[in-house]
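Q: Following this message is one structure expressed as C-alpha cells.
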Amino acid sequence: MKETSSILHAIPVDPLTGAVSVPIYQTSTFVQDAPGVNKGFDYARTNNPTRQVFENLIAQLEGGAKGIAFASGLAAIDAVLKLLEAGDEIIAIDDIYGGAFRQFTHVYQKFGIKVHYVDVSIPENIIDYITPKTKLLWIETPTNPTLKIADLKTLGSIAQSFNLLFCVDNTFASPVLQKPLSLGADIVIHSATKYLGGHSDLIAGAVVTKTDELGDKIKFIQNASGAILSPFDSWLLIRGIETLHLRVFKHAENALKVAQFLNQSELIRNVYYPGLPNHLGHQIAASQMLAFGGVLSFDFHDDDKELALAFLKHLKLFKLAESLGGAKSLCCLPSEMTHKSIPREKRLSSGVSDSLVRLSVGLEDAADLTEDIQRALNKLKINTIQHD
Ligand SMILES: *Cc1c(COP(=O)(O)O)cnc(C)c1O
C-alpha cells in the first residue's frame, strides 16, 4: 500500500459508534473493572486514547517503533535530553534551532551536561569533538533559517561507530520528505506546531524512537515529568496528518517556484533553498529528501536592512510572523525576530545577515505568491531610483 493510503487507513474508526473522526477523549481518568484491571487506560497523563492515535500515526510515518506526543517541540527536546546524565557531552549542529540552544546551554549546562556546537557540513568534523563522555549527536536538516543540509547517512554511520545516540530534529522536512530513522538516526523529534499541524493553530511536539526500548525510556520520562499533549491538540494533529502528504508537496512545489523567482531579482544577493542547484547542500538534499521543503530565505545586496524592512512592509499575502509550516504564507526578519537574542557577530558568521528574510511558503497559488513578491520588489526599485 502507498504511504498516503496506509496512513489514512491507520486512523481507526471509533469502535463504539462508528464515528469516522477519532473522538476527543476529554477525560482525566478511566473507571477500572477491579483495582489494577482496566481497558488499557488508567490516568490520562500516562495514556489517552486520542493522543495514542496521533502517537501511532507519527511513529508509522517516521518508520519508528514508538511515538510520544508532547506539549511542544521544546518539551519533546527536553525529554530526549533527560536520557543523559551529569558529565555527559553532546555534539550539536552549530546553527541549531534557537530554542534548543537556549535549553541546552541555559538549562542543561548547569546540571553538568556539556555541549559542543559543531559545523557538520563536513560530517567528519565531529570526530575531533568525540570523547568517551560524548553520548548524543544532535542535528537538524535543513536548518533554520539558511537551510543548510547535513548528510544523515554519513553522520549516522559515524554516530554508530562511536556508539552515540543520534537524534534528528525533522521539523523542517517532515516525515513525508525525509525519514532519518531509515538513514541511521535513533530518535527523531518534531515541533508538530509546524507541518504536522499545518494550520498555525496549535503548539505540539513529538518524539519517535527507532526501538521499543528507547521509546519506553522516553515514555517513562514523559510520565515522570508530565509534558503531555492535550486530547484536543492531538485531535487537531490527526486531522492535520490526513492531508500532510498533499500539503507538504504543495509547499515544496510553491517554495521552489518562489526561490527560482527570487533568484532572478537584481536586488537580491543570495537565495537559500536546497532545491536550487547552486545551493551547497543540493546534492545531499536530493539524495535524502523527496522534495526540498517549504521554507526558504534570501538577503539583499550590501546586506541592506532598510530594503528588507520595506520589502516586508509591501508584502500582502505573506504575513509578518514567526513560525512556519502553516497553510498561510508567512515572512519574518530573523535578525530582529527569531534570532534577535544571538550576538550579531555570531549570527553573521552563521549566514544570518541583517537583511535576511525567511519565507514560509504556504498553500496559496504560486502565481499569486510570486506576484505579491514582484509587486513588493517593484516598490523598492521605484524608491531606490527616487533616492538617487
Ligand atoms: C519551532 C521549532 C522547534 C520548537 O518547537 P515548539 O513547538 O515551538 O516548542 C524546534 N525545532 C525546530 C526546527 C523548530 O522550527
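The values are calculated or read from the model by the stated rules, or taken from the named source; none is laboratory data. Owing to the predicted nature of the structure, the values given are computational and were not obtained by experimental measurement. As a convention, Cβ positions derive from the backbone with ideal geometry for all residues, glycine included, and neighbour counts pool all protein chains shown.
Q: For segment 141-156, how many residues are of a type in the set (Gly, Ala, Ser) and in a helix (DSSP H, G or I)?
A: 1
Q: Give the residue that is farthest from the chain's Cα centre (by Cα), with candidates limited to residues of segment 43-90 that are of a type in the set (Asp, Glu) and not in a loop (DSSP other than H, G, I, E, B).
A: Among those residues, the one meeting the criterion is GLU89.
Q: Which members of segment 199-217 meet the condition of being more than 13 Å from the ligand (Cβ to nearest atom) and either among the hydroxyl-bearing types (Ser, Thr, Tyr) or touching a helix residue (DSSP H, G or I) at 6+ places or on another chain (Cβ under 6 Å) (or both)?
A: VAL208, THR209, LYS210, THR211
Q: Could I ask something else about it? What residue, of ILE126, ILE187, is modelled with pLDDT of 95 or more, buried (at least 18 other Cβ atoms within 10 Å of the Cβ), away from the ligand (no atom under 13 Å from the Cβ) and within 26 Å of SER349 (Cβ to Cβ)?
A: ILE126
Q: A further question on this structure: Only one residue in LEU147, LEU152 is in contact with a helix residue (DSSP H, G or I) (Cβ under 7 Å, 6 or more places away or on another chain), within 16 Å of the ligand (Cβ to nearest atom) and closer than 27 Å to GLY294 by Cβ. Which one?
A: LEU152
Q: Among the residues of segment 200-218, write down those that are surrounded by fewer than 15 Cβ atoms within 10 Å (Cβ to Cβ) and within 14 Å of ILE238 (Cβ to Cβ).
A: Scanning segment 200-218 gives a single hit, ASP201.
Q: To continue, here is another question. Of everything in segment 182-210 that's outside any loop (DSSP other than H, G, I, E, B) and within 16 Å of TYR97 (Cβ to Cβ), which residue is farthest from the chain's Cα centre (by Cα)?
A: Out of the qualifying residues, it is ILE187.
Q: Search segment 336-361 for residues that are assigned by TED's automatic domain parsing to the domain that holds ALA376 and pair each with any residue that is surrounded by fewer than 19 Cβ atoms within 10 Å (Cβ to Cβ) when their beta-carbon atoms are under 6 Å apart and the residues are at least 6 apart or on different chains.
A: If the second residue must be surrounded by fewer than 19 Cβ atoms within 10 Å (Cβ to Cβ), the pairs left are MET337/GLU322; THR338/GLU322; SER353/ASP303; ASP354/ASP303; ASP354/LYS305; SER355/ASP303; SER355/LYS305.
Q: Still on this model: Report yes if VAL115 is within 16 Å of the ligand (Cβ to nearest atom) and surrounded by 15 or more Cβ atoms within 10 Å (Cβ to Cβ), otherwise no.
A: For VAL115, the condition - within 16 Å of the ligand (Cβ to nearest atom) and surrounded by 15 or more Cβ atoms within 10 Å (Cβ to Cβ) - is met.
Q: Can you tell me which residue in segment 157-175 is surrounded by the most Cβ atoms within 10 Å (Cβ to Cβ), limited to those that are away from the ligand (no atom under 16 Å from the Cβ) and assigned to a helix (DSSP H, G or I)?
A: Top of the filtered list is ALA159.
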